[in-house]
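The values are calculated or read from the model by the stated rules, or taken from the named source; none is laboratory data. Because the structure is a prediction, the values reported are computed rather than measured. All Cβ positions, even for glycine, are placed from backbone atoms using ideal geometry, and neighbour counts span all protein chains on display.
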Amino acid sequence: MKVAMILRPDADRVFGGDTVVMQKLSAALRTLGVEVTVGSLEEMPPASQFDVLHMFAVMPVNHASRIAVWAKDGGAAIVISPLYYDDFRSWFERAVVAAPRWRSLAGTLGKSNAWLIFRSWQTARLPLSATWRDARQTLLAATVIATTSRWENAWIAGHFRLPSAVRRNMRLSPLGIDADLYGQRFTEAQLAAFRERHGLEPGYVSQVARIEEKKNQLAVIQALYDDPIPLVFVGKDSPYYAVDYPGRCRELGARRGRVRFLGWLPEAELPLLYAAGAAHIMASWVELPGLSSLEAGASGSRIISTEIAPLQELLGETVWCCNPYDLASIRAATLGALAAPVPAGLRERLLAEFSWPAVAAANVALYEETLRLHQARRH
């Protein structure tokens, strides 16, 4: 079987979860005898040389559309993992600050009621959006749409108003972690040495993500501003969205104190980062599902996640979830996690069920089913 995976044009500058998945999954698939080519669209040979295209991310839509056309013209079966979610809440949060009418409505009706009106309004207007129409057309070109959870599948189907024939061909494609890397055991001396090397206090809560609005680092600092919990943020500044956001995070962190921004760390150091701290938090606007959360849990850390994610479906009550738009919720989830023991069996389950070999085997079965569906359509 020959599989193509195509990188975003900016993958070398903005390293994200989709890039990690392509690198790790392709390596695991090769050990099972699958021929996988990963690269930019311009580097790819004709799609006729592949059996399956596995596309990660339906945005940016112009790039996703080009990939889908490339695959369809070459006769390859298409698996799309959209990695997309938008309930308009982030738009609303900006609108109640910048737009007088929404600020007034939130003041009159209450913020939660105003958001429901805003969401209904934006949902009704979706077909007017060229971006939405193009993304929907790209999804309709897929042989199979595959996400990490039933929750995500249901949301994609509803948001893009997919017909029943397409919904019947929605499947699950799990994501994984490097079990050898994150399954390492460290001595207390090794953990203490890591903290000393980076100037970190014991009991810190970490977050591994790009520094940008949707990852919500500022809200974490605000939510825990009056608590003596050390905070550690690892990741590069994002060049997108609000360009002043990383600076605002650092400014507030400096005022609060006990906040460290370490920038980028080599992956080999991440297991130590997770294991040397008390918990890992991703209070993002959305995570699908949040690779760093899985890595942290596999390293023996507590997991605090946004509730706009499938982790509760995947891991049940072993995750502390918060409303990323509610500072009190972020604080309560963090304090609740720190007051509780690390969930028994979580680490072992993650290392067994979410290892890349296990994930690769599941994806091979998905590709085989996709090829059967593709052949059936052609005949």
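Within the stretch 329-339, one or more residues are at pLDDT 95 or above, loosely packed, with under 12 Cβ neighbours inside 10 Å and out of contact with any strand residue (DSSP E or B) (no Cβ under 8 Å at 6 or more places or on another chain). Would you confirm whether or not the stretch 352-366 contains a residue that is of a type in the set (A, V, I, L, M) and either in a loop (DSSP other than H, G, I, E, B) or within 30 Å of Gly203 (Cβ to Cβ) (or both)? There is at least one residue in the stretch 352-366 that is of a type in the set (A, V, I, L, M) and either in a loop (DSSP other than H, G, I, E, B) or within 30 Å of Gly203 (Cβ to Cβ) (or both). How many residues are in contact (Cβ under 8 Å) with a residue 40 or more places away in the chain and among the β-branched types (Val, Ile, Thr) when one looks only at the stretch 229-272? Of the residues in that region, 2 qualify. Within the stretch 164-191, the set of residues being out of contact with any helix residue (DSSP H, G or I) (no Cβ under 8 Å at 6 or more places or on another chain) and more than 26 Å from Ser26 (Cα to Cα) comprises Ser164, Ala165, Arg168, Arg185, Thr187, Glu188, Ala189.
Of all the criteria given as (1) over 24 Å from Glu213 (Cβ atoms); (2) small (Gly, Ala, Ser); (3) crowded, with 18+ Cβ neighbours inside 10 Å, the one not satisfied by Ala154 is (3).
Among residues of the stretch 273-301 that are more than 20 Å from Gly336 (Cβ to Cβ) and hydrophobic (A, V, I, L, M, F, W, C), those with a Cβ under 6 angstrom from a residue that is assigned to a strand (DSSP E or B) and at pLDDT 95 or above, sequence gap 6+ or separate chain, pair up as Leu273/Ser206.
One residue stands out in the stretch 315-328 among those that are under 18 Å from the mean Cα position of the chain (by Cα) and among the aliphatic types (A, V, I, L, M): the one that is surrounded by the fewest Cβ atoms within 10 Å (Cβ to Cβ), namely Leu315. Answer yes or no: is there a residue in the stretch 176-187 that is basic (Lys, Arg), under 17 Å from Phe56 (Cα atoms) and at pLDDT 95 or above. No, the stretch 176-187 contains no residue that is basic (Lys, Arg), under 17 Å from Phe56 (Cα atoms) and at pLDDT 95 or above.
Annotation note: Cβ proximity below 6 Å between a residue of the stretch 321-340 that is touching a residue at least 60 places away in the same chain (Cβ under 8 Å) and a residue that is aromatic (Phe, Trp, Tyr) and surrounded by fewer than 16 Cβ atoms within 10 Å (Cβ to Cβ) (sequence gap 6+ or interchain) occurs for no pair. Here Leu29, Leu53 are screened, and the one residue that is in a helix (DSSP H, G or I), surrounded by 19 or more Cβ atoms within 10 Å (Cβ to Cβ) and either of a type outside the set (S, T, N, Q) or in contact (Cβ under 8 Å) with a residue 40 or more places away in the chain (or both) is Leu29.
Only one entry of Leu139, Leu83 meets the criterion of being modelled with pLDDT of 95 or more and of a type outside the set (Asp, Glu), and that entry is Leu139.
In the same structural domain as Asn216 (by TED's automatic domain parsing), at positive phi and among the aromatic types (Phe, Trp, Tyr): is that true of Tyr245 in this structure? No: the conditions fail for Tyr245. Only a single item in (1) within 21 Å of the chain's Cα centre (by Cα); (2) under 28 Å from Gln217 (Cα atoms); (3) buried (at least 19 other Cβ atoms within 10 Å of the Cβ) is not met by Gln312, and it is number (3).
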